[in-house]
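Have a look at the structure below before the remarks.
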Amino acid sequence: MDFRFDIIVEYFPFFMEGMGLTILMSVVGVIMGCILGFFIALGKMSPFVFVRLPFVWYINFLRGTPLLVQLFLFHYAVLPSILGSTTPVLSVMVTLSLNSSAYVAEIFRAGLQSIDKGQAEAAHSLGMNKIQVMRHVLLPQAFKRSIPPLGNEFIVLLKDSSLGAMIAAQELLYWGRAASGQYLRVWEPYLMVALVYLVLTLSLTYLLNYMERRFDVK
Amino acid sequence: MISVKHLKKSFGDLEVLKDINADINQKEVVVVIGPSGSGKSTFLRCLNLIEPVTDGTVMIDGVELTDKKVDINKLRAEVGMVFQQFNLFPHKTVIENITLPIITVKKWNKTDAEQKAKDLLKKVGLLEKANAYPESLSGGQKQRVAIARALGMEPKVMLFDEPTSALDPEMVGEVLEVMKQLAEEGMTMVVVTHEMGFAKEVGDRVIFMDEGYIVEENEPNQLFDDPQHQRTKAFLSKVL
């Protein structure tokens, strides 16, 4: 079997460009997902049913439907009706942010609820109010415990950003498909795309392991 | 100092405290004993509203705790509590455990808070552990830090919820020693414990609880040597 390295060489700048966009969309998704997820977690833990319910269904919807379906919904229906128009990259970033926020919310909630209730009791017994207890006692501990599952979520998110190719966002897989289409070759472009994803996820894994050590997660 | 009237507490259908009436005077050390499930820990936890009360009133220093208008956080700051499981903050060092509430609740600056914390650590004999994390301490040391942390708020009353029950036997003494010292300094204390020796030696009064009621209360010697109720006798015969 002949392996045409020249295709890879030719498309290399595009793969790098696509990789850049993949990283950008993933980073935006992670950051927005964490910010939104934090508030959704708090909302879902509300003692009041009518406050809790919208958050419960937000999570139900985003975890219970395929990401690709969500991407189509946001790209073709939701964002155009709200903004008038959208771009593939914007649609991917919005969809990834919302989708990951649901998973991150559950990670944060599990982290918070795994903290022994004696911690909050002790803090309250010292006269700390709810916000102080949350900020100084519960959140730091919950965050530490959330790092391993969050890392997992980030890796999934990075790989899921490849769905952007389905709406022509010019990320990594998009260029793989382009190369495949141009030369009618399947091995070279897709192996290359897979390799770049692997490099990205392994780097992320390495970074996360470092963070776990840094924060002394047990 | 503390006045409890017709206190009732239920968890769902389970009525844990049925009708508790008690007064605790300033500088008094009251020891609460009773079989497990008698409601003694719940009673203690109602005194700073860590456990919301179902019915009845708890007054501390003339302030009605269950009054919705009362700033419960301010009140809790004046009532120290020590838990069976220590409940130190594992992500904070020993000294940070003590300074955190002083800085956040009392609004002291860091330098003053640290000075206060060091004084307290010296008092409980753990100054050299100031920068250690709780996980590196023994149970007895953890509990002494927990006591120091509660004292940092300069409380008017200290509540102890089975402070030695989770400790290895050889560490019980060091914690009781700190508590005894506190009692000698005139701290008002309510202590739920199984340490009958401590009750006898340090307690001004012993309350015996069973099935959600205060069955009997008296001076330690009276209660231990001459219990009036059958249930008190039965309990004491098992533990003494």
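Miscellaneous remarks
- Residue within region B:146-164 that is under 20 Å from B:Ile33 (Cα atoms), more than 14 Å from chain A (Cβ to nearest Cβ) and of a type in the set (D, E, K, R) present: no
- Taken as a whole, region A:110-119 holds no residue that is in a helix (DSSP H, G or I), in contact (Cβ under 8 Å) with a residue 40 or more places away in the chain and under 17 Å from the mean Cα position of the chain (by Cα).
- Residue match in region A:140-159 (condition: of a type in the set (S, T, N, Q), within 12 Å of another protein chain (Cβ to nearest Cβ) and over 30 Å from A:Glu17 (Cα atoms)): yes
- You will find that of A:Ala179, A:Ala169, A:Ala165, the residue that is away from every other protein chain (no Cβ under 14 Å), under 28 Å from A:His75 (Cβ atoms) and out of contact with any Leu (no Cβ under 9 Å at 6 or more places or on another chain) is A:Ala179 and no other.
- Single condition B:Asn218 does not satisfy, out of (1) in contact (Cβ under 8 Å) with a residue 40 or more places away in the chain; (2) in contact with a Phe, Trp or Tyr (Cβ under 9 Å, 6 or more places away or on another chain); (3) over 22 Å from B:Cys46 (Cβ atoms): (1)
Rundown of residues vs (1) within 21 Å of B:Glu64 (Cα to Cα); (2) touching a residue at least 40 places away in the same chain (Cβ under 8 Å); (3) among the acidic types (Asp, Glu); (4) not in a loop (DSSP other than H, G, I, E, B), yes/no style:
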position	(1), (2), (3), (4)
B:Val4	yes, yes, no, yes
B:Lys9	yes, yes, no, yes
B:Lys18	yes, yes, no, yes
B:Gln26	yes, yes, no, no
B:Val32	no, yes, no, yes
B:Asn48	yes, yes, no, no
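- Selected residue (only one of A:Leu202, A:Leu138 is closer than 29 Å to A:Lys117 by Cβ and either touching a residue at least 40 places away in the same chain (Cβ under 8 Å) or part of a helix (DSSP H, G or I) (or both)): A:Leu138
- Residue ranges of helices (runs of 4 or more DSSP H) in region B:74-190 with at least 1 members aliphatic (A, V, I, L, M) and touching a residue at least 40 places away in the same chain (Cβ under 8 Å): B:94-104, B:139-151, B:169-184
- The set of residues from region B:162-187 being surrounded by 24 or more Cβ atoms within 10 Å (Cβ to Cβ) and in contact with a strand residue (DSSP E or B) (Cβ under 6 Å, 6 or more places away or on another chain) comprises just one member, B:Pro163.
- Of the residues screened, A:Leu68 is not one that is more than 14 Å from every other protein chain (Cβ to nearest Cβ), in contact (Cβ under 8 Å) with a residue 40 or more places away in the chain and surrounded by 20 or more Cβ atoms within 10 Å (Cβ to Cβ).
- Residue selected from region B:47-66 under the condition over 15 Å from B:Ile2 (Cα atoms) and among the acidic types (Asp, Glu), by the criterion surrounded by the fewest Cβ atoms within 10 Å (Cβ to Cβ): B:Asp55
- The one condition in (1) in contact with an Asp or Glu (Cβ under 7 Å, 6 or more places away or on another chain); (2) buried (at least 21 other Cβ atoms within 10 Å of the Cβ); (3) within 14 Å of another protein chain (Cβ to nearest Cβ); (4) not hydrophobic (A, V, I, L, M, F, W, C) that B:Pro90 fails to fulfil: (2)
- Applying the condition of being aliphatic (A, V, I, L, M) and without any contact (Cβ under 8 Å) to a residue 12 or more places away in the chain to region A:123-135 and asking which residue is nearest to the other protein chains (Cβ to nearest Cβ) yields A:Leu126.
- Region A:94-122 - residue that is among the charged types (D, E, K, R) and out of contact with any Leu (no Cβ under 9 Å at 6 or more places or on another chain) and, of those, farthest from the other protein chains (Cβ to nearest Cβ): A:Glu106
Values in this text are rule-based calculations from the coordinates and carry no lab data. The structure displayed is predicted, hence computed values, not measured ones. With ideal geometry, Cβ positions are generated from the backbone for all residues, glycine too; neighbour counts draw on all protein chains shown.
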